[in-house]
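Below is one structure; the comments refer to it alone.
The values are calculated or read from the model by the stated rules, or taken from the named source; none is laboratory data. None of the values given here were measured: they were computed from a predicted structure. No Cβ is skipped: glycine too gets one built from the backbone with ideal geometry, and neighbour counts run over all protein chains shown.
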Amino acid sequence: MNKSTPYTFKKSGIFYFIRRIPKHVRHRYRTDKISFSLRTRSASIACQKAQRLAETLDQHWFAMQISEDVTFSRYLTVGRAIAFDLRSGQAVENAT
């Protein structure tokens with residue numbers, strides 16, 4: 001991983017994205033890491049792409065973790081949404 005461009009490495013002048021899959025969701029994957037070409041030689045473009053990809057993966061992995069958590073899984077049925085009351089910190093179920 002390149003320190004100036006997180007979640008990347010360079011091979012033959014091309015930047016690649018690399019990210020380990022967290023243990024709590026690894027059972028859903030065939031490998032323990034994700035790695036693919038970002039199709040750029042530019043460090044700044046690679047950094048932007050890698051940051052967006054990392055954020056997207058973090059959100060995806062968080063959703064996977066929540067869906068397996070008994071406490072929150074009841075909120076993930078079709079036709080329901082969750083809102084959070086910022087004062088109490090409690091989830092509030094809204095039927096749609």
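Some notes on this structure:
- G13, sole failed condition from (1) surrounded by 14 or more Cβ atoms within 10 Å (Cβ to Cβ); (2) of a type outside the set (D, E, K, R); (3) touching a Lys or Arg at 6+ places or on another chain (Cβ under 7 Å); (4) at pLDDT 90 or above: (1)
- Scanning the stretch 1-32 for residues that are aromatic (F, W, Y), assigned to a strand (DSSP E or B) and touching a helix residue (DSSP H, G or I) at 6+ places or on another chain (Cβ under 8 Å) gives F15, F17.
- A single member of S44, S35, S88, S73 is of a type in the set (G, A, S), farther than 30 Å from Y16 by Cα and either modelled with pLDDT of 90 or more or outside any loop (DSSP other than H, G, I, E, B) (or both), and it is S73.
- One residue stands out in the stretch 22-57 among those that are closer than 20 Å to S67 by Cβ and touching a residue at least 24 places away in the same chain (Cβ under 8 Å): the one that is surrounded by the fewest Cβ atoms within 10 Å (Cβ to Cβ), namely R28.
- Which numbered condition F62 misses (of (1) at pLDDT 90 or above; (2) hydrophobic (A, V, I, L, M, F, W, C); (3) surrounded by 13 or more Cβ atoms within 10 Å (Cβ to Cβ)): (1)
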